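Participant: Structure provided below as structure tokens; questions to follow.
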Amino acid sequence: MIARYAVLAMLPVVAFVALTQRRRLAAIIGMGLFSFLLAVAYLQLHAPDVALTEAIIGAALTTAIYVLAIRRTGRLAVVADEAPGLLAREGDRVVGLEHEILERFAKHLGLDLSVELVPYQEVAEQVRRGEADIGAGGLVLPPDVPDLFTRPYLETALFTIGGAETGEGAAPPMVRYDGYFAELEIERLDGAGRPITLDLARFLSVRVPDEAVVRHPERRGYSFVVGQRRSELHTELEAYLDHLRETGELDRLIRRYVV
Amino acid sequence: MRFRVRPLSVLTVVAACAVVAIVLLGYHANRPDEAPYSTYVVRPVEETGAVNRVASIYLNYRLFDSVLEVLVFFVAVLGVRHYLGTRERTAVPSLAESEVVRTSSALLFPLAVLLGVYLAALGHLSPGGGFGAGVIVASGALLVSISLGMDAIERRFSLGTIEWVEQGALFLLLAATLLPLAFGRAALTDVLPKGRTGQVVSGGMIPVYNALVGVKVLAGSWLILRSFVRHRGEI
Amino acid sequence: MAFSVGIVLLGIGLVAIAIRRDLVIKLLALGLTNAGSILCLVAIGDRPDAHVPICAVCHDVLYADPLPQALVLSAIVINFAILALALVFVMRLVEQYHTTDSRHVEDLVQRDLDEGGQQ
């Protein structure tokens with residue numbers, strides 16, 4: 001008797017928890033569990049045909065096709081925010097210096113490259129959580145390095161536009177904006193005015209003439225980031241970047257895309 | 001959980017709660033004391049020959065509903081194959097990395113087939129039916145593809161064969177619904193003798209429909225799964 | 001009570017479709033909406049102390065109503081196929097725009113349309 005109400009009462013709880021997950025895989029598995037509980041509920045409602053069908057479809061097949069859809073086997077999953085010249089959308093393709101490097105790297109590893117655009121702040125987060133293999137998109141090496149950032153492959157500088165960033169004090173300037181760069185572009189070119197610190201590639205794209213610009217003197221660089229548990233991938237990537245540097249290919253690519 | 005509280009989101013949640021509350025209150029306030037239950041249960045079993053009353057409904061009294069649902073399923077499978085067909089991997093080795101998973105997955109397939117045949121054949125006597133049967137065998141086949149690799153399977157059962165099976169089952173299903181016309185009866189009626197209640201061979205056309213629907217759903221689900229396994233794309 | 005739970009699930013599913021930005025989670029919520037409606041339908045046919053509607057000779061004992069169960073049985077399988085098709089569309093969308101964030105996809109579509117108009 002209690003069991004009947006317990007199962008029914010658990011259903012909204014499990015569904016709510018499953019749908020409020022941040023990771024897609026967790027949500028999918030949660031919904032698989034929900035389907036299983038639902039099948040038990042159907043049994044309690046004296047509907048055995050429905051219970052059987054729901055169990056096999058919800059718990060097995062639906063979960064299977066979702067997992068197949070988001071699986072990353074055979075792929076090099078890159079998360080990045082757009083950065084003009086480095087990694088940007090053009091039509092339905094992605095082009096840029098970093099994209100070319102990563103594409104060649106993926107081919108070198110025998111994998112397909114897949115790029116997912118996420119907000120700048122989320123790149124390191126997602127790589128840390130293991131949801132992607134490599135983070136890219138004009139990432140500027142922060143002073144503290146908890147994750148495995150590669151050595152910078154290209155020098156850059158930081159610019160603050162629109163006046164001094166408030167509340168900075170002695171903290172080193174960092175690229176930090178909310179949301180996607182595409183939104184920022186539109187917002188800036190419409191004339192919105194919060195002071196913001198950007199790297200060179202992005203700065204060139206959103207700069208508006210006659211605006212106060214402060215160039216920070218420290219030398220910074222663009223890097224890729226790899227998760228802490230993927231040290232072999234990190235080693236491979238560093239080795240590949242070194243290889244590009246030595247053969248002069250990196251310079252050729254830089255000249256083609258950036259200069 | 002970290003949410004950025006946006007006014008529109010809050011409004012959505014509040015509105016949804018209000019609608020849910022209103023529906024629930026309305027239902028409980030106006031629910032009749034004696035709900036209008038259907039009378040399918042009290043009909044004599046000799047009308048259909050099916051002890052499972054649910055099967056008697058969707059494979060006899062309301063057969064047209066099931067046939068059209070199968071048609072919708074067919075169209076959905078067509079859609080999946082069309083849109084996923086353009087980017088397929090040429091070679092799909094086994095998806096599982098561990099030996100244990102590979103071995104044990106293949107062992108479950110015969111069980112799945114047995115279960116599917118049982119459900120389809122005895123769908124008129126106990127819970128089951130063609131829909132569940134087809135899906136169970138298809139997921140068993142997915143296990144085999146995890147274990148042996150899609151290429152090994154498709155060497156044995158090529159894509160063309162599966163397509164023929166699917167379309168053949170659909171054609172036979174539609175033909176079976178029109179069969180009574182040859183006997184001077186209306187379409188969709190059950191023309192086979194009902195037999196003795198409780199036997200496996202009884203229930204008129206119901207086991208036939210169960211089998212045909214089972215095969216159709218099996219082939220269609222397998223085609224969907226196969227397209228997903230072979231797809232090389234990005235999410 | 002099962003009917004109420006079904007309505008609540010329907011509500012949760014609809015809210016999740018509206019609020020969550022990830023396209024895959026939206027699809028999962030759509031599946032939840034399906035499950036909620038189906039639960040409502042099956043619950044309507046249930047009676048307290050009912051028997052499973054499988055009987056050769058159905059006596060005066062109360063049986064659960066088999067009609068909603070029959071209607072819903074094929075619907076579950078078809079929902080799976082339709083959900084697979086929806087997932088395929090989402091995958092194509094992600095291939096085109098390289099993101100699963102629905103709001104960003106809207107922005108990108110708008111940007112493409114604007115650029116297309118200016119050409």
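Participant: Give the residues of region A:120-133 that are assigned to a helix (DSSP H, G or I) and either within 13 Å of chain B (Cβ to nearest Cβ) or in contact with a His (Cβ under 8 Å, 6 or more places away or on another chain) (or both), sorted by residue number.
Facilitator: Scanning region A:120-133 gives A:Q121, A:E122, A:E125.
Participant: Does C:V8 qualify as being in contact (Cβ under 8 Å) with a residue 12 or more places away in the chain, within 7 Å of another protein chain (Cβ to nearest Cβ), closer than 16 Å to A:E54 by Cβ and assigned to a helix (DSSP H, G or I)?
Facilitator: No; evaluated as a whole, the condition is false for this residue.
Participant: Same structure, new question: Which helices (runs of 4 or more DSSP H) sit wholly inside region B:111-182 and have at least 1 residues that are under 30 Å from B:T48 (Cβ atoms) and in contact with a strand residue (DSSP E or B) (Cβ under 8 Å, 6 or more places away or on another chain)?
Facilitator: Of the helices (runs of 4 or more DSSP H) lying wholly inside region B:111-182, none has at least 1 residues that are under 30 Å from B:T48 (Cβ atoms) and in contact with a strand residue (DSSP E or B) (Cβ under 8 Å, 6 or more places away or on another chain).
Participant: Return the residue satisfying two criteria in turn: it lies in region C:58-102 and is in contact with a helix residue (DSSP H, G or I) (Cβ under 7 Å, 6 or more places away or on another chain) and not in a helix (DSSP H, G or I), and of such residues it is farthest from the other protein chains (Cβ to nearest Cβ).
Facilitator: Here the answer is C:T100.
Participant: On to the next question. Got a number for residues in region C:56-97 being surrounded by 17 or more Cβ atoms within 10 Å (Cβ to Cβ) and without any contact (Cβ under 8 Å) to a residue 24 or more places away in the chain?
Facilitator: Within region C:56-97, residues that are surrounded by 17 or more Cβ atoms within 10 Å (Cβ to Cβ) and without any contact (Cβ under 8 Å) to a residue 24 or more places away in the chain number 19.
Participant: Can I ask one more? Just one of the numbered conditions (1) surrounded by 11 or more Cβ atoms within 10 Å (Cβ to Cβ); (2) part of a helix (DSSP H, G or I) is not true of A:R255; which one?
Facilitator: (1)
Participant: Looking for whichever is assigned to a helix (DSSP H, G or I) and more than 10 Å from every other protein chain (Cβ to nearest Cβ) here; the options are A:A9, A:A3. Which one fits?
Facilitator: Sole residue among the options that is assigned to a helix (DSSP H, G or I) and more than 10 Å from every other protein chain (Cβ to nearest Cβ): A:A3.
Participant: Please enumerate the residues belonging to region A:204-218 that are closer than 18 Å to A:F181 by Cβ and either modelled with pLDDT of 80 or more or not in a loop (DSSP other than H, G, I, E, B) (or both).
Facilitator: Correct list: A:L204, A:S205, A:V206.
Participant: Within region A:1-41, which residues are of a type in the set (F, W, Y) and closer than 26 Å to A:R71 by Cα?
Facilitator: A:F16, A:F34, A:F36, listed by residue number.
Participant: Only one of these is at pLDDT 80 or above, under 30 Å from A:D133 (Cβ atoms), surrounded by 14 or more Cβ atoms within 10 Å (Cβ to Cβ) and among the small types (G, A, S): A:A201, A:A239. Name it.
Facilitator: A:A201
Participant: Mind listing whichever residues of region A:223-244 are part of a helix (DSSP H, G or I), touching a residue at least 40 places away in the same chain (Cβ under 8 Å) and of a type outside the set (F, W, Y)?
Facilitator: A:S231, A:L233, A:H234, A:E236, A:L237, A:E238, A:L241, A:L244, listed by residue number.
Participant: Checking the condition facing chain B (nearest Cβ under 8 Å) and either closer than 28 Å to C:D65 by Cα or buried (at least 23 other Cβ atoms within 10 Å of the Cβ) (or both), which residue from A:L19, A:L43, A:L37, A:L61 passes?
Facilitator: Going through A:L19, A:L43, A:L37, A:L61 in turn, just one is facing chain B (nearest Cβ under 8 Å) and either closer than 28 Å to C:D65 by Cα or buried (at least 23 other Cβ atoms within 10 Å of the Cβ) (or both): A:L61.
Participant: Within region A:155-186, take every residue that is at pLDDT 75 or above and in contact with a Gly (Cβ under 9 Å, 6 or more places away or on another chain) and give me the one that is nearest to C:L108 (Cα to Cα).
Facilitator: A:F181
Participant: Moving to a separate point now. Test each condition in (1) within 17 Å of the chain's Cα centre (by Cα); (2) facing chain B (nearest Cβ under 7 Å) for C:L30 and report the one that comes out false.
Facilitator: Every condition holds for C:L30 apart from (2).
Participant: Continuing with the same structure: Filter the strands (runs of 3 or more DSSP E) completely within region A:68-119 down to those with at least 2 residues that are buried (at least 22 other Cβ atoms within 10 Å of the Cβ).
Facilitator: A:75-80, A:112-117
Participant: Turning to a different aspect of this structure: Just the residues that are facing chain C (nearest Cβ under 8 Å) and either among the small types (G, A, S) or free of Cβ contacts under 8 Å to residues at least 40 places away in the same chain (or both), please, taken from region B:59-77.
Facilitator: Answer for region B:59-77, where residues must be facing chain C (nearest Cβ under 8 Å) and either among the small types (G, A, S) or free of Cβ contacts under 8 Å to residues at least 40 places away in the same chain (or both): B:R62, B:D65, B:S66, B:E69, B:V72, B:A76.
Participant: Just a yes or no: is a residue in region B:184-205 part of a helix (DSSP H, G or I) and of a type outside the set (K, R)?
Facilitator: No, because not a single residue in region B:184-205 is part of a helix (DSSP H, G or I) and of a type outside the set (K, R).
Participant: How many residues, within region C:44-55, are within 9 Å of chain A (Cβ to nearest Cβ) and either surrounded by fewer than 19 Cβ atoms within 10 Å (Cβ to Cβ) or in a loop (DSSP other than H, G, I, E, B) (or both)?
Facilitator: 7
Participant: Return yes when A:D147 is more than 22 Å from A:E185 (Cα to Cα) and at pLDDT below 75 and no when it is not.
Facilitator: It is true that A:D147 is more than 22 Å from A:E185 (Cα to Cα) and at pLDDT below 75.
The values are calculated or read from the model by the stated rules, or taken from the named source; none is laboratory data. All of these numbers come straight from a predicted model, not from anything done at the bench. When we count neighbours, we look across all protein chains shown, and the Cβ atoms used for this are built from the backbone with ideal geometry, even at glycine.
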